[in-house]
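Here is the structure we will look at.
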Amino acid sequence: MAPFVHLDVRSCFSLKEGAFTPEQLARAAAELGMPAVAMTDRDGLYGAARFVRACEAEGVRPILGASLTVRASQPGGWATEHDAHIVLLATDEAGYANLCRLITDAHMLGERSDPWVDPMQICAHATGLVAIAGPRSHPGRAAAQGRIDHAARLLDPFREAFGRERLFVGVEHRLERESADELRSMLRLAARVGVRAVATNPVRYLESGDAFVADVLECMRRLVPLAETNVTRRNAEGWFKSADEMRALFAERPDLADASLDVAELCRYDLGLGRIHFPDFPTPHGRSADAVLTERCWRGVHERGMREDERLRDRLHHELSMIRRMGFAAYFLTVADVVADVKSMGIRAACRGSAAGSLVCYLTGISDVDALRLDLSFERFMNPMRKDLPDIDIDVESARREDVYDMILGRHGEERAGCVAMIDTYRARSAIREVGKALGMPDVEVGVVAKSFPHISARHLRESIDRLPELAGVNLRFEQMQRLIGVAERIGGFPRHVALHPCGIVLASHDLVERVPLELSANGHRMIQADKDDVELLGYLKLDVLGVRMLSSMRHALDEIARTTGEKVDLDRIALDDLETFETIRASDTLGCFQIESPGQRELLQKLQPDRWEDLVVDISLFRPGPVKSDMIAPYLRRRSGMERPVYIHAGLRGPLQETFGVIVFHEQVIRTLAALAGYTETYADHIRRHLDRDDMLPGFEADFLERSTARGVDRTAAEQIWYAVTQFASFGFCKAHAAAFAVPTYQSAWLKTHYPAHLFAGLLTHDPGMYPRRLIVEDARQHGIPILPLDVNSSEPDYVVEEVPSDDVPTWGVRLAFQDVHGISDAEIRSIMSARADRAFRDVEDFMRRTVVSRPVTEALAHAGAFDALERQRRRHLYVAMTAEPEREGDQLTLTMDADPVEGHRFKDYSDAEVVRAELEVLGLDATRHIVSFYEPLLADLGVTRAEDLRRTRGGSKVIVAGVKVASQTPAIRSGQRIIFLTLDDATGPVEVTVFESVQPKVAKTVFHGYALAVAGELRRTGVGGVSVVAEEVWDLSALHRARGEGWLRDAVRGEVRGPDTGSASTGPRVLWHASPGSAG
Amino acid sequence: MTKRFDEEIRVERDTGMPSAFEWRGRRYEVADVIGRWKIEGRWWSDGRDREYWRVEARGGAVWDLYFDRGKDRWHMERLWD
């Protein structure tokens, strides 16, 4: 039978409508032998790029279009009608541009998340488009209601705009009771207006049996429960019917089905995937971007003070000619301008990733890593064999990221730049939650089922219920649960909503808006309807702008240095060989330093003993899964320390591997090893490196490598050994350029910690960049002898600031606690404190309450945390006033009256040490005055606790007891299904890692999850790079042990016996300091 | 005059379409198929899935018959005479 082409098809990119992906659609069309297929998602082209790619793979011609929501805004127009939909298909480039503009307008002109267009807008953008007005269009609906005259009036403007050639009336035979009548009415409308009709089927699922998925999606979209009145469809005919089935439906009028082929013939637009669309860069008259880039690079050579020798000339020439050949000059120039703009805004920026391997990036100021001096590979960043487009990643201060976005979008114009979208897809848990809601199931029960994922599937539900005890208690019938999971499994992977990608910005030419629609993100940025993979497919270059808290922390430190000392430190110009900085690093005193603060890293630093900046590059690269797994660290360390001689399997490897004593540490070394032995170009060697994870390509690579290298005189065994080493390293490692780019802020932060520790701590506390909670940073500051100054209404600032503290001989710098972390305080309240204080200092609590808009609970919190103690050391009294002062209004004036001070002369008891710390924890979330563990010192001594600082020197396999405050706990999903809890305890000498395996969890889980300060007995294990971890065998709540000790039965408590009146309620959290107040113990 | 029923019947089919049916012991031959539609949905409750045929029997009366696909049974739902 003759073919047929579907022209009304909504995929899952209609967001909670179609029940299939573009890939599944393309596959289905190919299987049915269809020559072409359209995808017409609602108000969006989110799926367009991957639809085209899938069609190309399946050998089906894609037709690009969309279903637009139509609403009449004109008075006297269609205003009385409900929203309708019209299908638009692109015939050519101009048509697709019009489609993109219409969709952009639909999203940008009205409210966010309520896209619609006026019918007249569509008519104004008709060029290059085919319009299909079906039964869900305004004219179609009027016709089906028998109002043919009205319908014809509505359709007339479309015929004017699109012409008889490109306007069609879509007729459907949905096998509903009214279908035959509707079909006749639609045909009458077409005849009346004088346009052709085309047979369509509203495809929302690929198979009739999948209609249930569409029902649930519809109810999820409209936020209504699944019920007959909430489901639009009347039967399951909205599926992807074959040509035979479609033609059978329209057997009386084969011309209607034929018309679908004519429409397909008209729609010949090709999105042109794979062609790169370079950004525009306005250059002076008659000059090419290449010429401008060359000039800028030479200027950079002088600005960077580099020696203009042959090596530099060769390298620069090599890079520039590659850039010219691949057409990237405008991209480099654009990014260089962005980076310069960011820096001129006073924002710290750093280039990360392989782009740092480019000398051009260094010379144009994009990166601050000298690729020539470090001998970094340009090919790792950019070469003609790379399938993916090279992109440049820029780190900026996290606190200023939005400012940077606004600057880039503003400067590069609405037409040429946009933020990349991120398509948030349903994962098992989110799918179960939303499906459960649509199915009208209780949230709590659905939540339990959701949490059991990924351990259950609909097919194996029965077994899962038997296996997972938490499911046994779920109050859902088996069938309900099966339905819930069955639907959720089908929805998994479908788009859920479209959000802003956390860092990507597309830099394009003016045609961006003609190939991608735009909409606004939740916080008002212009965002393209394409995610990062689509951007790649569409051939746009992007710039990733990542917000990095460490950069904000360092900025804050620099600002504080300038404010307190007047010194203007230029971090980009500090010497990279500062002895004291390396002493800090070698002592692994690197908490708060970028990339080298984790326990494992600190252990590695101790062994590696870096004494130059390049060692940091190696250190960062070694601390990766690849080198760790393939055990490259031990030989590297042995050879570096001279315990072992460097081994080069082949003399040709001396060059590439000398800097790391014959061990492969960097991607670049893989490339150069292959190039040196087999004589490959670096371009081809990088191609091999990129595909080392491809089992299908590996044998070919291996054979070729062995043949070529032996032909060049390499011993076959050596060649095999080298190939083995290279494949072991595979894609795990790090690229040296990236490590070098990281090593810059690493060194800078270590330098600040060495020379301006208080200032760096202020930055770290303000921006909280690292892996550790703020209270651990405070503890580190304390250990460096930096006074932590209390919260003070007259001295604290919004951020953590540095203050000079007078001491006996030399003044020292202390860090003042900040308002920003006071529990419950708002920005407006902080502003009001600051502006009132600018007039004059606060005299007392009443004065504070009178002159600020700070709420009573926050005022109480401030008093509780001692923020008024500097005025008078009477904390309970301040708290009493804050709690009881009665506001009274006199006119507009808010006054506070206290009955002639009823507490006059009353002497309140001082806060005990324990109360002080408890208040700090409650209000600021950190123990500022002293470490909590200090209250437990006698207990820890009795228990024989091994402290964190001594653990590293303890033998693996020893039985130890460790203790501390729980600062982190993680329960990652492990492939084996085993649940492992990872804990980090802080015992005032450092962090202690604890692992709790499933076998002991029944016994200890409650204490682990609910306890605040814990003691753990277990076996010490050495992990990874010299890290240590205690495998828990027994866990106690420190507060419970503390109480037992006080009552004289600690020994029994440790053995697991419990006593006392309220045995069950070993109190949790810092509360213990209140009840069991150990006073000034310690 | 239309009358509603919902009685099980026996149907003979020819190339998928009903060609004759038996109701209350009498056999009716189908002269013409006037319409056909499907009702399916409510999978979350009764799982209704019916294929309707509106036929004119010899003699001029119009009948709505449906095939219940879930139960694999024919019913007569409506009669115009």
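What the Cβ-Cβ distance of residue A:276 and residue A:989 gives, at R0 = 51 Å and to the nearest 0.05, is a FRET efficiency of 0.40. Give the residue from A:571, A:833, B:15 lying farthest towards the positive end of the charge dipole for the protein assembly as shown; charges sit on Cβ (+1 for Lys and Arg, -1 for Asp and Glu) and the dipole is referred to the Cα centre. It is B:15, whose Cα lies furthest towards the positive end.
Suppose R0 equals 45 Å; then what is the FRET efficiency for residue B:14 and residue A:388 from their Cβ-Cβ distance, rounded to the nearest 0.05? For R0 = 45 Å, the calculated efficiency reads 0.15. Each label point was placed 7 Å from the Cα along the Cα-to-Cβ direction; for residue A:302 and residue A:285 their separation is 2.4 nm.
For residue A:70, the residues 5 or more places off, or on other chains, whose built amide H falls under 5 Å of its own are A:84, A:85, A:86, A:117. With a cut-off of 10 Å between beta carbons, the residues surrounding residue A:115 carry a summed charge of -2, where Lys and Arg count +1 and Asp and Glu -1. Extension gain, residue A:929-residue A:313: 0.36 nm per intervening residue step, less the Cα-Cα distance, totals 215.9 nm.
Per-residue 3J(HN,Hα) values for region A:820-828, derived from phi via the Karplus relation 6.51 cos²θ - 1.76 cosθ + 1.60 with θ = phi - 60°, read 4, 9, 5, 4, x, 6, 9, 4, 5 Hz in sequence order (x marks Gly and Pro). Here the relative contact order of region A:12-266, from alpha carbon pairs under 8 Å that lie six or more residues apart, stands at 17 percent.
Near the amide H of residue B:73, within less than 5 Å, lie the amide hydrogens of B:68, all on another chain or at least 5 residues away, with H placed in the peptide plane. Per residue of the protein assembly as shown, the DSSP helices (runs of n ≥ 4 H) give a summed -39500 (n - 2.57) that works out to -12500 deg cm²/dmol at 222 nm.
For region A:1-128, averaging the sequence separation of C-alpha pairs within contact (under 8 Å, six or more residues apart) and dividing by the residue count gives a relative contact order of 20 percent.
Secondary structure note: in the protein assembly as shown, about 75% of the DSSP beta bridges are antiparallel.
A simple charge model with +1 on the Cβ of Lys and Arg, -1 on the Cβ of Asp and Glu and nothing else charged puts the dipole of chain A at about 1940 debye relative to its Cα centre. Length available on full extension from residue A:872 to residue A:950: 0.36 nm per residue minus the Cα-Cα distance, which gives 23.8 nm. Spin-label model, residue A:698 to residue A:403: label points 7 Å out along the Cα-to-beta-carbon direction sit 4.9 nm apart.
Is the shape of region A:12-266 rounded, prolate or oblate, going by the alpha carbon gyration tensor and its root eigenvalues a ≥ b ≥ c, with a/c under 1.5 for rounded and a/b larger than b/c for prolate? Rounded shape, in that the Cα axes give a/c under 1.5.
For region A:275-285, backbone phi angles converted through the Karplus equation (6.51, -1.76, 1.60; θ = phi - 60°) give residue-by-residue couplings of 8, 7, 10, 6, x, 6, 9, x, 10, x, 2 Hz, Gly and Pro being listed as x.
Dimensions of chain A from C-alpha coordinates, computed as largest minus smallest value along each principal axis and given longest first, are 99, 89, 65 Å. Placing pseudo-labels 7 Å out from each Cα toward the beta carbon at residue A:645 and residue A:959 gives an inter-label distance of 4.8 nm. Backbone phi angles across region A:192-208, fed through the Karplus curve with coefficients 6.51, -1.76 and 1.60 (θ = phi - 60°), yield HN-Hα couplings of 5, 7, x, 10, 8, 10, 9, 6, 9, 9, x, 7, 10, 8, 7, 10, 4 Hz in residue order; Gly and Pro are listed as x. Database remark: amide H of residue A:842 closer than 5 angstrom to no amide H (H placed geometrically; neighbours at sequence offset of 5 or more, or on other chains; Pro and chain starts carry no H). Normalised by 2.2 N^0.38 Å, where N is the number of residues, the C-alpha radius of gyration of region B:2-80 stands at 1.07. Work out how much length residue A:340 to residue A:715 would gain on full extension: take 0.36 nm times their residue separation and subtract the Cα-Cα distance, in nm to one decimal. Difference between extended and current length: 129.9 nm. Estimated from the Cβ-Cβ distance and a Förster radius of 22 angstrom, the FRET efficiency linking residue A:638 and residue A:784 is about 0.10.
Working from Cα pairs under 8 Å separated by at least six residues, relative contact order for region A:646-774 is 21 percent.
All of the numbers you see were taken from the coordinates with simple rules; none came from a lab. Just so you know, these numbers come straight off a predicted model, no measurement behind them. Cβ coordinates were reconstructed from backbone atoms using ideal geometry, including for glycine residues, and neighbour counts include every protein chain displayed.
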